[in-house]
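Below: the structure, in structure tokens.
The values are calculated or read from the model by the stated rules, or taken from the named source; none is laboratory data. The structure presented is a predicted model; accordingly, all values stated were derived computationally and were not measured. With ideal geometry, Cβ positions are generated from the backbone for all residues, glycine too; neighbour counts draw on all protein chains shown. Surface areas here come from the heavy atoms of the whole protein model, side chains and all, with no ligands, DNA or RNA. Shrake-Rupley method; radii C 1.70, N 1.55, O 1.52, S 1.80 Å.
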Amino acid sequence: MAIATRAWGQMPEGSPTPAIHDIRPPLDIFPYPTWMVVTGAAIVLLILGVVATLIIKTMRKKPPGPPPTPNQIALKKLREAEKDIAGTEPYAFSIRVSDILRQYVTAQYKVRATEQTSPEFLAAAAKSPHFTGADKQLLANFLEHCDLIKFAHVDATAEDSRALLEQAVKFVKGEAAP
């Protein structure tokens, strides 16, 4: 019996089964080229770095302190106004300082000082248990001087503006003379 060699992949004549083939080398089935993989990995690492940086910054950020008190807010505004005494005419300065003091009283004592005239404001202060007699007197003097400048258009100087500022600061600090 002689075995005839046949061409690769052909079945022997009369054989019911196909011919057995030799093992083929493995196929490269990774669908992406190397440059795409490297670029994708670099982008992912960049995004992870940015996220990690944001998380670290958030964790290191000091929690905000308590909100400033009405006293602190008013004193800050009064210090800012003090810087502008020389450059602001007394009329405008009296309005500014009066507004700061009225906002302070509204925030600190819940008296609607920003919506009232001076007499209404003083009447509300007289009824309020928050104000001492010295506070009420200081407030009355302060508002009288402001009203003279604002409504009577009394000629005022930078010294008058400074006196108004000092009265407002004393009131906010609670340093009204007994």
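Structure summary
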item: Cut-off of 10 Å, at most 12 other beta carbons, DSSP loop: longest stretch of the chain lacking such chymotrypsin sites (Phe, Trp or Tyr not before Pro); result: 9-150
item: Helix runs (DSSP H) in the chain reaching 18 Å along axis by Cα, Kyte-Doolittle at least -1.0; result: 34-60, 90-109, 133-150, 158-173
item: Accessible area of the chain belonging to carbon and sulfur atoms, whole % at 1.4 Å probe; result: 62 percent
item: Area projected by the alpha carbon convex hull of the chain, averaged over all directions, nm²; result: 25.6 nm²
item: Pair Ala140, Val154: separation of 7 Å Cα→Cβ label points (nm); result: 1.6 nm
item: Structure-based [θ]222 nm, the chain - -39500 (n - 2.57) summed over DSSP H runs of at least 4, per residue, nearest 500; result: -20000 deg cm²/dmol
item: Cα convex hull of segment 79-178, projected area averaged across orientations, nm²; result: 5.9 nm²
item: Mean separation of Cα contacts under 8 Å, 6 or more apart, over the residue count of the chain: relative contact order %; result: 21 percent
item: Added length on full extension, which subtracts the Cα-Cα distance from 0.36 nm per residue, Arg112 to Ile85; result: 7.0 nm
item: Of the GluC sites (Glu not before Pro) in segment 101-178, those whose Cβ has at most 13 other Cβ within 10 Å and which sit in DSSP loop; result: Glu175
item: Solvent-accessible heavy-atom area per residue, rounded to whole Å², over segment 23-178 at 1.4 Å; result: 71 Å²
item: Net charge, Phe142 excluded, C-beta distance under 14 Å - Lys, Arg +1, Asp, Glu -1; result: 0
